[in-house]
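Reading through the structure tokens given below for one structure.
The values are calculated or read from the model by the stated rules, or taken from the named source; none is laboratory data. Computed from a prediction, not measured in an experiment: that's the story for all the values here. Ideal geometry is used to build each Cβ from the backbone, glycine not excepted, and the neighbour counts take in all protein chains shown.
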Amino acid sequence: AQSVTQPDIHITVSEGASLELRCNYSYGATPYLFWYVQSPGQGLQLLLKYFSGDTLVQGIKGFEAEFKRSQSSFNLRKPSVHWSDAAEYFCAVGGGAQKLVFGQGTRLTINP
Amino acid sequence: DAGVIQSPRHEVTEMGQEVTLRCKPISGHDYLFWYRQTMMRGLELLIYFNNNVPIDDSGMPEDRFSAKMPNASFSTLKIQPSEPRDSAVYFCASSKGQGRGYGYTFGSGTRLTVV
């Protein structure tokens, strides 16, 4: 069965610093991978997705993620965070006829 | 497109009352999902529909919960009777295909408080 693990429940970084959020997945074939962001009081918004091709994918708001099959990972990165990036981030995996499975989320706090 | 529209945004109700949450998916999307989000359990899939037909309701917590999709542009999630432990944010999401390659588009959610 497919599964997603986000090892970090909460991360704090300073404004302007770089960011990497970890995501590990379990899936028997080539997965479809997604990152979503949820701002307080809002629904989840799609940041980026991967399903084939270039393993480095670019998303909205300056985010990128890299698919590493050998490590079963799809980590989210941003070179310089802004205070507005404070939110909860969810990784999700799906594939074929399978519905998406979401991780537990990582809460990001930005220090001024 | 206005996106996935949920109503109401907030609902406060007394224990034992019936609660109905509403969702309008994006036009052309053939899958609709209902999720519940709590601090303790995170994001839980309750039920999903394909072309208005319920496909998997294994996440529905108990018989007090029911969901319908009478047409392609409307779905409801009903709780009867409601209990304090049902307090959560309920999200509706829709997609073309079962999310593969497209992902889901979420609504802004309904925050339900049962007192």
Q: List the number of the failed condition for B:G28; all other conditions in (1) surrounded by 13 or more Cβ atoms within 10 Å (Cβ to Cβ); (2) outside any strand (DSSP E or B) hold.
A: (1)
Q. Under the condition of being assigned to a helix (DSSP H, G or I) and at positive phi, which residue from segment A:61-112 is farthest from the other protein chains (Cβ to nearest Cβ)?
A. A:G62
Q: Scan segment B:41-57 and give yes if some residue there is outside any strand (DSSP E or B), over 12 Å from the mean Cα position of the chain (by Cα) and touching a residue at least 24 places away in the same chain (Cβ under 8 Å), otherwise no.
A: no
(Q) Taking the conditions exactly as written (under 20 Å from A:G94 (Cα atoms) and surrounded by 20 or more Cβ atoms within 10 Å (Cβ to Cβ)), does B:S95 satisfy them or not? (A) yes
Q | Scope segment A:39-60; condition farther than 21 Å from A:Q2 by Cβ, in contact with a strand residue (DSSP E or B) (Cβ under 7 Å, 6 or more places away or on another chain) and either modelled with pLDDT of 95 or more or not in a strand (DSSP E or B) (or both); matching residues | A | A:S39, A:G43, A:L56, A:Q58, A:G59, A:I60
Q: Could you tell me whether A:V13 is within 14 Å of the chain's Cα centre (by Cα) and either of a type in the set (S, T, Y) or surrounded by 12 or more Cβ atoms within 10 Å (Cβ to Cβ) (or both)?
A: no
**Q.** In segment B:89-115, the residues that are in a strand (DSSP E or B), at pLDDT 95 or above and over 18 Å from A:S39 (Cβ atoms)
**A.** B:L112, B:T113, B:V114
Q.
Quick check on my filter: what residues within segment A:26-37 are under 13 Å from the mean Cα position of the chain (by Cα) and either more than 14 Å from chain B (Cβ to nearest Cβ) or modelled with pLDDT under 95 (or both)?
A. A:Y32, A:L33, A:F34
Q | Residues of segment B:31-46 satisfying the condition of being away from every other protein chain (no Cβ under 11 Å) and within 15 Å of A:G41 (Cα to Cα) | A | B:R36, B:T38
Q. Name the pairs: first residue in segment A:6-17 and among the aliphatic types (A, V, I, L, M), second residue part of a loop (DSSP other than H, G, I, E, B), Cβ to Cβ under 9 Å, at least 6 apart or on different chains?
A. A:I9/A:Q104; A:I9/A:G105; A:V13/A:V81; A:A17/A:S80; A:A17/A:V81
**Q.** Answer residue from segment A:65-112, given it is among the aromatic types (F, W, Y) and in contact (Cβ under 8 Å) with a residue 60 or more places away in the chain and is surrounded by the fewest Cβ atoms within 10 Å (Cβ to Cβ) among those
**A.** A:W83
Q: Within segment B:58-105, count every residue that is facing chain A (nearest Cβ under 9 Å), farther than 14 Å from B:L46 by Cα and within 14 Å of the chain's Cα centre (by Cα).
A: 3
